[in-house]
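Worksheet: one structure, shown below.
The values are calculated or read from the model by the stated rules, or taken from the named source; none is laboratory data. Only a predicted model underlies this, so the values are computations on that prediction, with no experimental measurement involved. Don't worry about glycine lacking a Cβ; one is built from the backbone with ideal geometry, like all the others, and counts go over all protein chains shown.
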Amino acid sequence: MKNLKFLYLVLSLSVIFEHSVDAYRILGVFPTRCKSHFAIGHSVMKTLAEAGHEVHVVSPFPQKSPIDNYHDIFLDYGDDGNLFDMFDTADWSPFEMINFLSGFGEFMANFTLSHPNLQDIMNKKIKFDAVIAELFGVEAIFGLGSHLNCPVITLATFGSSKWTNDLTRTPMPYSYVPHNFVKFSENMNFYERTYNMLVMQYEHIYMEFVHYGRQNAVYDQYFGNNQLPFDDQMKNVSLVLINNHFSSSSVRPTVANMIEIGGVQVSPNPNPLPFDIQQFLDSATDGAIIFSMGSILQAVNWPTEKREAFVHVFSKLKQKVLWKYENETLPNKPDNVMISPWIPQRDVLAHPNVKLFITHGGLLGTTEAIYEGVPVVGIPIYADQQMNIVKAVNMGIGIYMDYNDIDEHLIAENINKILKNPNYHKNAKTLSKVYKDRPMTPQQSVVYWVEYVIRHNGALHLRSAAHNLNFIQLHSIDSYALIGFVLFICYYSLKRLFWMVFGTRSVDVKVKRS
């Protein structure tokens with residue numbers, strides 16, 4: 001197939017693919033250094049580049065070493081830091097998180113589309129083969145597809161959610177599909193099913209009457225002259241690449257244009273580790289523990305008493321601990337602890353001496369732990385992290401540790417449970433085998449389906465017929481209403497007939513008896 005180029009937009013990433021070999025630079029300034037989102041997008045784009053397609057990536061994370069067909073456009077927006085301490089969200093309800101992400105999505109869509117460099121691309125209407133946009137509450141960006149007259153492919157770095165199901169009109173039964181922001185498995189009791197239904201219904205109402213209205217307003221502002229209105233553009237998304245795999249997530253309904261690519265960021269062969277980390281892990285003859293709370297949560301922001309609890313527990317372990325810690329020094333750091341502001345998470349988890357991963361439960365980290373067969377102690381803070389750790393618990397590969405309950409005793413107890421119970425390691429290795437057993441690798445799936453969409457001019461034949469139905473038709477409300485009306489007429493008619501036949505006779509009988 002001929003070389004193709006795409007346009008990819010993510011919270012921390014933009015990509016342009018075009019027919020010519022000229023690089024059209026698009027700059028975007030984004031309010032977050034969400035490197036985990038970038039890792040998924042980068043892996044998808046790197047995969048396409050390795051397949052021979054020309055990609056131009058705008059991001060705050062340029063590659064240290066050149067990659068063939070992969071061109072960085074550095075996005076330098078200064079050191080804005082975090083908008084707030086994400087540990088503060090540990091007590092947020094699902095309803096608060098839904099509201100927050102919607103507002104954040106409105107800001108991101110507006111900010112991205114208003115940037116002069118992206119405006120320049122839009123004004124020139126350069127010919128593209130496809131637009132690849134991250135699906136993270138920024139649906140207005142999909143307007144680039146109709147504006148530039150090319151298919152839209154979305155990348156759901158967050159995994160399956162109401163966002164993906166709305167785009168594909170896929171059923172999402174409340175009874176066994178838990179919302180991403182609740183800490184339930186697919187096997188819910190009555191209370192959990194009821195609460196899950198309330199969260200789902202709240203999000204449905206909020207999305208329909210608030211979120212999509214916000215995105216529609218942004219869409220109309222920048223794509224008001226498009227041939228397709230916002231609702232039609234949403235229906236014309238060709239493909240959703242989902243950062244999930246059924247073996248590690250809840251089994252749920254899918255349609256033809258939902259493609260699972262969970263683990264796409266995990267290269268089959270880990271990269272060599274930095275010398276100091278390699279030496280540290282090699283010397284961990286009693287085993288090693290990796291401790292990382294991801295790219296957004298900062299270990300330096302741990303409350304003092306919780307941080308000291310970890311330090312005290314680690315100091316008593318015979319295992320070594322590699323801790324993602326953003327300062328150069330850690331107060332009272334034990335000799336068996338190594339701190340680093342950034343660790344190559346996927347690569348260190350592949351080290352044979354690693355016995356445990358202490359994580360916040362992000363989809364990226366849990367995926368990498370599953371791939372390498374490493375059990376986890378999860379400390380979920382926000383969004384889907386609770387659900388991810390609950391899944392790990394149910395699969396027998398992890399322990400859930402509530403952030404608010406953390407103390408020295410609880411940390412030691414959970415670490416020792418994992419280290420001393422061989423079943424956790426056995427289950428993790430078994431799940432790893434299942435996770436890797438696929439007809440196509442995630443990378444092969446990306447290449448095949450992206451090319452498929454372009455070969456077939458958007459491949460709208462993959463689209464569910466549910467897109468042609470309104471809410472009443474989709475849920476058969478009109479059919480139920482008709483059946484109910486017919487049953488009512490039948491009941492009323494039979495009642496009248498019964499009264500006419502038997503009611504009069506009973507009166508005659510009473511008269512005769514009297």
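Scanning segment 430-456 for residues that are basic (Lys, Arg) and more than 18 Å from Gly52 (Cβ to Cβ) turns up Lys433, Lys436, Arg438.
Across segment 203-228, the number of residues qualifying as surrounded by 16 or more Cβ atoms within 10 Å (Cβ to Cβ) and either within 24 Å of Pro178 (Cβ to Cβ) or free of Cβ contacts under 8 Å to residues at least 12 places away in the same chain (or both) comes to 5.
Taking segment 257-282 as the range and being within 18 Å of Glu372 (Cβ to Cβ), among the polar types (S, T, N, Q) and in a helix (DSSP H, G or I) as the test, only Gln278 passes.
To keep it simple, each residue is scored yes or no on (1) in a helix (DSSP H, G or I); (2) out of contact with any Pro (no Cβ under 7 Å at 6 or more places or on another chain); (3) loosely packed, with under 14 Cβ neighbours inside 10 Å; (4) among the aliphatic types (A, V, I, L, M).
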site: Leu410; (1), (2), (3), (4): yes, yes, no, yes
site: Asn414; (1), (2), (3), (4): yes, yes, no, no
site: Asn423; (1), (2), (3), (4): yes, yes, yes, no
site: Ser432; (1), (2), (3), (4): yes, yes, no, no
site: Trp449; (1), (2), (3), (4): yes, yes, no, no
site: Ile454; (1), (2), (3), (4): yes, no, no, yes
site: Asn457; (1), (2), (3), (4): no, yes, yes, no
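Checking segment 122-145 against the condition returns a match, with at least one residue being touching a His at 6+ places or on another chain (Cβ under 8 Å), more than 24 Å from Gln265 (Cα to Cα), at pLDDT below 85 and basic (Lys, Arg).
Note on segment 303-328: residues that are closer than 13 Å to Ile406 by Cβ and out of contact with any Asp or Glu (no Cβ under 9 Å at 6 or more places or on another chain) total 4. Could you check, for segment 325-344, whether at least one of its residues is under 16 Å from Val377 (Cα atoms), within 29 Å of the chain's Cα centre (by Cα), of a type outside the set (A, V, I, L, M, F, W, C) and crowded, with 19+ Cβ neighbours inside 10 Å? No; the residues of segment 325-344 include none that is under 16 Å from Val377 (Cα atoms), within 29 Å of the chain's Cα centre (by Cα), of a type outside the set (A, V, I, L, M, F, W, C) and crowded, with 19+ Cβ neighbours inside 10 Å.
Among the residues of segment 28-51, how many are in a loop (DSSP other than H, G, I, E, B) and either closer than 16 Å to Pro268 by Cα or modelled with pLDDT of 80 or more (or both)?
1
Does segment 246-266 include one or more residues that are of a type outside the set (Lys, Arg), farther than 30 Å from Arg455 by Cα and without any contact (Cβ under 8 Å) to a residue 60 or more places away in the chain? Scanning segment 246-266, I find no residue that is of a type outside the set (Lys, Arg), farther than 30 Å from Arg455 by Cα and without any contact (Cβ under 8 Å) to a residue 60 or more places away in the chain, so the answer is no. For segment 260-280, the tally of residues that are surrounded by fewer than 20 Cβ atoms within 10 Å (Cβ to Cβ) and of a type outside the set (Asp, Glu) stands at 12.
Consider segment 126-169 and keep the residues that are of a type in the set (Ser, Thr, Tyr) and farther than 16 Å from Asn236 by Cβ. The one that is surrounded by the fewest Cβ atoms within 10 Å (Cβ to Cβ) is Ser161.
Here Val393 meets the list (1) over 30 Å from Tyr371 (Cα atoms); (2) surrounded by 12 or more Cβ atoms within 10 Å (Cβ to Cβ); (3) of a type in the set (Val, Ile, Thr); (4) at pLDDT 90 or above almost entirely, failing just condition (1).
Of all residues in segment 184-202, exactly one satisfies the criterion of being surrounded by fewer than 19 Cβ atoms within 10 Å (Cβ to Cβ), of a type outside the set (S, T, N, Q) and not in a helix (DSSP H, G or I), namely Glu186. Within segment 377-396, identify whether any single residue is within 19 Å of Thr157 (Cβ to Cβ), basic (Lys, Arg) and either in contact with a Ser or Thr (Cβ under 8 Å, 6 or more places away or on another chain) or outside any strand (DSSP E or B) (or both), and answer yes or no. Yes: one or more hits. With respect to the stated conditions, Phe111 fails to be modelled with pLDDT under 75 and either of a type outside the set (Asp, Glu) or part of a loop (DSSP other than H, G, I, E, B) (or both).
Residues checked against (1) of a type in the set (Val, Ile, Thr); (2) farther than 23 Å from Ile381 by Cα; (3) in contact with a strand residue (DSSP E or B) (Cβ under 9 Å, 6 or more places away or on another chain):
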position	(1), (2), (3)
Lys124	no, yes, no
Phe136	no, no, yes
Ala156	no, no, yes
Trp163	no, no, yes
Thr168	yes, yes, yes
Tyr174	no, yes, no
Phe184	no, no, no
Asn189	no, yes, no
His204	no, yes, no
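Among the residues making up segment 102-125, those that are surrounded by fewer than 21 Cβ atoms within 10 Å (Cβ to Cβ) and hydrophobic (A, V, I, L, M, F, W, C) are Phe104, Phe107, Phe111, Met122.
Could you list all residues from segment 238-256 that are buried (at least 23 other Cβ atoms within 10 Å of the Cβ) and assigned to a loop (DSSP other than H, G, I, E, B)? Hits for segment 238-256 are Asn243, Asn244, Ser248.
Would you confirm, using the coordinates I've provided, whether Ile399 is at pLDDT 95 or above and part of a helix (DSSP H, G or I)? The answer is no for Ile399. Can you confirm whether segment 307-314 contains a residue that is part of a loop (DSSP other than H, G, I, E, B) and either farther than 30 Å from Ala465 by Cα or over 18 Å from the mean Cα position of the chain (by Cα) (or both)? Checked segment 307-314: no residue is part of a loop (DSSP other than H, G, I, E, B) and either farther than 30 Å from Ala465 by Cα or over 18 Å from the mean Cα position of the chain (by Cα) (or both).
In segment 349-362, the residues that are in the same structural domain as Met401 (by TED's automatic domain parsing) and touching a residue at least 24 places away in the same chain (Cβ under 8 Å) reach residues that are among the hydrophobic types (A, V, I, L, M, F, W, C) and in a loop (DSSP other than H, G, I, E, B) with C-beta atoms within less than 6 angstrom, at least six apart or across chains, in these pairs: Leu349/Val374; Asn353/Ala284; Val354/Val374; Phe357/Val374; His360/Met293; His360/Leu297; His360/Ile379; His360/Ile381.
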